[in-house]
Amino acid sequence: DMTALRITATSPPTIERAWCADGHGQGSPIVTTTDGTSDSIVWTVGSEGDNLLRAFDGDTGAVLFDGTGTGGDTVRRFVSPIVAAGRMYVAGGTSVRAFTVD
């Protein structure tokens, strides 16, 4: 239920599917990087599904984090995680969960 697209550096540019992954819900993904440009990580929450936070390699779609230990309050669809000051925050129906981002 999540698809990443790649725009090729050809003339004219073309769009192709880079990878697909199962986010286990209807969350809105965000992307972080290690230095602002490299090593992209796609984060999503299984909103109205299993409500777990997951991470995928931005280039390949490989699972980097499977959500173990991140369950909790029901997260409504279209909720995006927020990253600030080295922590990731996920808003649920009655609580906010915070995770340390390494």
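The values are calculated or read from the model by the stated rules, or taken from the named source; none is laboratory data. Everything numeric in this text was worked out from a predicted model, so none of it was measured. Reconstructed Cβ throughout: ideal geometry from the backbone, glycine too, with neighbour counts over all protein chains shown. When the accessible area is computed, the model is the full protein with side chains, heavy atoms only, and any ligands, DNA or RNA have been set aside. Shrake-Rupley method; radii C 1.70, N 1.55, O 1.52, S 1.80 Å.
Only one of the numbered conditions (1) closer than 21 Å to Tyr89 by Cα; (2) part of a strand (DSSP E or B) is not met by Asn51, and that is (2). Only one of the numbered conditions (1) surrounded by fewer than 11 Cβ atoms within 10 Å (Cβ to Cβ); (2) within 13 Å of the chain's Cα centre (by Cα); (3) free of Cβ contacts under 8 Å to residues at least 24 places away in the same chain is violated by Phe65, and that is (1). Gly23 passes every criterion in (1) touching an Asp or Glu at 6+ places or on another chain (Cβ under 6 Å); (2) open to solvent by 30 Å² or more (accessible area, probe 1.4 Å) apart from (2). Filtering segment 82-101 to residues that are assigned to a loop (DSSP other than H, G, I, E, B), under 18 Å from Thr44 (Cβ atoms) and either in contact with a Pro (Cβ under 8 Å, 6 or more places away or on another chain) or not small (Gly, Ala, Ser) (or both) leaves only Val101.
Of the residues making up segment 27-47, those that are modelled with pLDDT of 90 or more and open to solvent by 50 Å² or more (accessible area, probe 1.4 Å) number 4.
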